[in-house]
Each structure stands twice: as C-alpha cells, then as structure tokens.
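Trainee: Dumping the structure here so I can ask a few things about it.
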Amino acid sequence: MPIRQKGNQNKVKKPLVFTLVFMIFRLTVWADCAPPNYCARTDFKTAQVPSPVPNVGNLTGANAVVVDPDFYHRILRVTDAHTNPARPDSVYITAASGFATENIWNTDSTLFLISDTKGAAYPFTFDPQTLRASRMYVSSYPSTGGMKLRHGGFWSRVNPNILYILTGTKIEKYDFTDRFTPPTPQLVYDFTFHPNCLPAGFQVTWYSPGGVSADDSVFVLGISGSGTQGTGHQMLAYKVGSGCRIYDTATGQVTGNWGPTGTINIPDRYKLHAAQISQDGKWALCGPSACMANCSETTSPYFWDIGTTMVKVPERRLGGHWVSGFSHWVNNDQNHIADQTKRPFLDPSSLSSLIQNYPTGMKFPLDQHPSWYNDDPSDSAPFFTATWSTLRPFPAAWYNEVLGITCDGSGIVWRFAHTFITAKSQTFDTRYAIGTVSQDGRYFLLSSDWMGRLGSVRGSRTCRVGTNCRGDVFIVELSQ
C-alpha cells in the first residue's frame, strides 16, 4: 500500500513496507485525501504500462483488488466470465450508449449499474469499506446470477435507492430500498399520454438518455422513430408537475405543455447524435449528427434553454468530447492536444482554458471522454476522464490514464491510475476506457481489456487483441 505526503504532490510516492507505520500515517494524513483534496500524482513523468501488469485473474477474478504500481491507488475488478453464468461470453461495459456522461452511480456510492454488449444492464451493490461489488437479488434470479434489466438507466441525484429507466416513450423507476425483494418498475411519465407531446402509438427506434437534473425535477432525452443514432430530430424534456416540451431540431419548432412555443431564434436545422441535460435542469445539450440546413456548428452541441425557444451555439474552439455542469460546459477543444475549456451556457463564445501546463512530447493520437457527476452548483469541482492512445511507448505523461482535472482555476491535473487498455479492443467502451465518476467523487468506474490478460470471449485463457479479448469493468479508488 502507498503513503501520501502533504505538501509537494509532484513527487512520485513509494510503497510503504511497515504496516504499523502505514496505519498511523493513514489515520493522520489520509483523512485529507478525499474530495476535493485528492492525494494523487501531479508530476509530468511518463509512466509506461508496467510489466508485468497487476494480476487480476483471467476468466475469473471478480472482486480482485490490486494497487497500481505507478500511481498507488487501488483498483477493483468488478466482472468476469461468471458474472452472468447464462452468458459467459459477455463483455461488460460501463454504459450501453458508449457515453461517459451516463450517471451510473447512486448518490452515496453503494449502488451502481453496468451493461453488457448485448444491451442488458446489471445493478450491483458496492461496499466502500471492503471495496467489494456484488450482483443484486441472486436468489431470485439464479440462472443469470442476479437481477438483469433489459435497458440501461441513470440514478437519481437525490435518492440513493432510485434508478430511472427509459423504455420506449416511458420514464420508469426502480426502488432498491428493499435489498431482499426485487423491485418492479413504476411509471414516472409517458410522453404519449399527454396532449401537445408525442402522438399515441409513437414507436421509438433509438434514444439518447440525457439524464435527470440534480434535483430530479427535469428529464431530457433525444429520440428517433425512423432509424438508429443520427436519424432522430426530437429533443424531449419532462418537468415534474408541468409536463413535456419538444424541440424538433429538423423544423426548429418548440411545442409542449408549458412555456412559450414557436420557432427557435436561429436558422440551424439538424439531426441528433446525442442528448444531455445540464445539472441545473435548465439546458438541453443537443449533439448534432448531420446538418439539414443553415448549420453554424456540427462538432459540438447546441444549447437549448428548455423553458424558452432560445437555442445557443458556441462560436469557436469546439472540438473534442464534452460534459455539462450546472451552468457551464467543458470540452477538449484541441487548441492543445490535451486542452480543456470551460464556457457558460448563457455565453458560449466566452471560454477559459482549465490547464496551463502540459507534459512535453505529447502528440496525436490522444482522446478522452469526461465525466462530471461529482460537480457542485458553482461548477468548481474537478471532472474526471480516461485517456486513450494507440502510441507505444507513451511519448509523455497522461497517456491511457485516469485523470482528474480541476475547474477552479488552479490548473492541477491529478493522475490516479493506468487504464490498462490495449486501445485496440473490438468493443467501443473497452477500447476507449469509457468511465464514469461517482456522484461523491470517490470512485471511477471504467471498461478495460487489461492488456489482453482477461481471456477470450470464447472461454479460452488467451485471446487475440482487437478480435476476441474479453473486456470487464473496474473501479479505481480516487480517495483513500
């Protein structure tokens, strides 16, 4: 296990040998190593993937815990080939949509939800004290090793036991308060049951769950009734007690049960690629997939003020993946290969760079997918991301690592762990180490093929990278 030192965080820490000294040190110093004060490396020294990689087992190994030998944070393996005994060939991922913006942790990090590449979802319990994850309601579902849901979902932002699920035109919820009796879905809202919303019988062929606001009062999703991702043009919002609103991105019309209706303020017409809600519930982020007319932007989302007919569009430095806070948006703008910028929804042309200093030698390719569900109303909490690159050896620090990036102007970038990805997996989430931070900022759940050491989806102990290597879900402990 590692030690942590106050003061200079730029030094590479060495593991402590004497257990007694370690325990005393942990009690006196590690009490500070929690959000927002993380005890992690901030240096620029390149950290190659260690050889050998830490042993988390092969086809089996769920609940194995290892310590990253370079960053000294603990990592838990959550899944293996026996997680669902009915499907030993399953590859487990963090989010069925492939977006790091899905909220798959509950409010106190005691429950989380993962998916497999077949589209099913699995609720887990998690014990932060023992760092152990378990399937739920195993005795009720022995054939699948526990409860299995047909769809992914997102957790409540106020109640640790509530999980929201989108099924077609319905928002449903599961209440996990009773840990012995499996819950049944309860209807929250159906977009086809109300006037000025979707027509009766509307068939959803694709949807992007935009999530729920921090007070559980507003829900957002993008949908299509005519095809897969990229074919939709209806952004839906449901406000508790008020009803629905629809922004049709193809016609520019806003309709619904509350608020002003009519034509939006800009001429842009486009189809949808993704949806997300701002954490204050005021904005819907509409990611475009294809321009239909007059598009001023195709690489970043449009910002729809849900209660109005106003749509904002950023004007510069728009590249890279993005994530929303309460009143701000963060994106990897590619001004520098690893740059991250922050801008307010109300004035998206105004931006500030979050990182001032970078490791030397950085070069393409380098990608990352941010997560920010640990944010606060002032948008000053750090966000978290897992980086991806096929370059070997790594040319600099931050390659294929779990990072925490401050949003308070300090410019600090914390380094928590290797992702242990080959970056060549046949599975999207596993290739890019798609991950999500817990709402309390203490854990980061990600997908990894662990450098091809987890066996094959066919059940053999060896695999061919990029073809048949299995992928599993892991939890990195951010605070210790």
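Read-outs throughout are calculated quantities, based only on the coordinates presented, and are distinct from any laboratory measurement. Bear in mind that the values here come from a model prediction, so they are computed numbers and not experimental data. Reconstructed Cβ throughout: ideal geometry from the backbone, glycine too, with neighbour counts over all protein chains shown.
Trainee: Can you find, among 143, 119, 212, the residue farthest towards the positive end of the dipole of the range 113-256? Put +1 on the C-beta of Lys and Arg, -1 on that of Asp and Glu.
Mentor: Result: 143, furthest along the dipole toward the positive end.
Trainee: By how many nm would the segment from residue 292 to residue 89 lengthen if fully extended, with 0.36 nm per residue of separation less the alpha-carbon distance?
Mentor: Computed gain between residue 292 and residue 89 is 69.0 nm.
Trainee: Can you tell me the mean projection area, over all orientations, of the convex hull of the range 392-480's alpha carbons? Units nm², please. The partial results should precede the final answer.
Mentor: Details: hull surface 27.9 nm².
Projected area, direction-averaged: 7.0 nm².
Trainee: Under 4.7 Å Cβ to Cβ, no partner at all: give me those cysteines from the chain, in residue order.
Mentor: Unpaired cysteines in the chain: 286, 407.
Trainee: Please compute the Kirkwood hydrodynamic radius over the range 155-257, one decimal place, Å, based on all pairs of different Cα atoms.
Mentor: On the way: mean 1/r = 0.0695 Å⁻¹.
In the range 155-257 this quantity evaluates to 14.4 Å.
Trainee: Between 348, 426, 447, whose Cα lies farthest towards the positive end of the dipole of the range 33-477 when Lys and Arg beta carbons carry +1 and Asp and Glu beta carbons carry -1, centred on the Cα centre?
Mentor: Comparing the listed Cα positions along the dipole, 426 ranks first.
Trainee: Continuing with this model, one more query. For 101, 169, 94, 192, what ranking results if the residue with the fewest other Cβ atoms within 10 Å of its Cβ goes first? Don't skip to the end; give the middle numbers.
Mentor: Details: 101 27, 169 23, 94 32, 192 16.
With the fewest neighbours first, 101, 169, 94, 192 line up as 192, 169, 101, 94.
Trainee: Label point 7 Å out from residue 140 along Cα-to-Cβ: which residues of the range 91-113 have amide N under 17 Å?
Mentor: The answer is 111-113, whose backbone nitrogens lie closer than 17 Å to the label point.
Trainee: Can you give the extra length, in nm with one decimal, that the chain gains between residue 178 and residue 257 once fully stretched, where that is 0.36 nm per residue apart less the Cα-Cα distance? It would help to have the intermediate numbers written out before the result.
Mentor: On the way: separation 79, 0.36 × 79 = 28.44 nm, distance 3.55 nm.
Using 0.36 nm per residue and subtracting the Cα-Cα distance, I get 24.9 nm.
Trainee: Applying a 10 Å radius around every beta-carbon, put 272-281, 451-460 in order of their mean neighbour count, most first. All intermediate terms of the calculation are to be shown ahead of the outcome.
Mentor: On the way: 272-281: 24.0, 451-460: 18.6.
Averaged packing, sorted descending, gives the order 272-281, 451-460.
Trainee: Give the label of the value calculated from the structure for mean projected area of the Cα convex hull in nm², choosing from (i) 22.0; (ii) 28.0; (iii) 30.7.
Mentor: Checked against the structure: label (i).
Trainee: Work out the charge dipole of the chain with +1 on the Cβ of Lys and Arg and -1 on the Cβ of Asp and Glu about the Cα centre, then indicate which of 284, 389, 319 is farthest towards its positive end.
Mentor: 389
Trainee: Hey, another quick one. Just to confirm the number: angle between the C-alpha axis of helix 19-29 and the first principal axis of the chain, 0 to 90 degrees, nearest 10?
Mentor: The helix 19-29 is inclined about 40 degrees to the chain.
Trainee: Which of 367, 178 has the fewest other C-beta atoms within 10 Å, and how do the rest follow up to the most?
Mentor: Values: 367 19, 178 10.
So the ranking, lowest neighbour count to highest, is 178, 367.
Trainee: Could you list 405, 246 in order of exposure, starting from the residue whose Cβ has the fewest other Cβ atoms within 10 Å?
Mentor: Values: 405 22, 246 19.
So the residues, fewest neighbours to most, are 246, 405.
Trainee: Which whole number of Å³ per residue matches the convex hull of the alpha-carbon atoms in the range 27-106? Could you put the intermediate results ahead of the total?
Mentor: Numbers: hull volume 14.7 nm³, N = 80.
Taking the convex hull of the Cα positions in the range 27-106, it is 184 Å³ per residue.
Trainee: When the dipole is taken about the Cα centre of the chain, and only Lys, Arg (+1) and Asp, Glu (-1) are charged at their Cβ, what size is it in debye, to the nearest 20?
Mentor: Details: 41 positive and 36 negative charges, 275 e Å.
That gives the chain a dipole magnitude of about 1320 debye.
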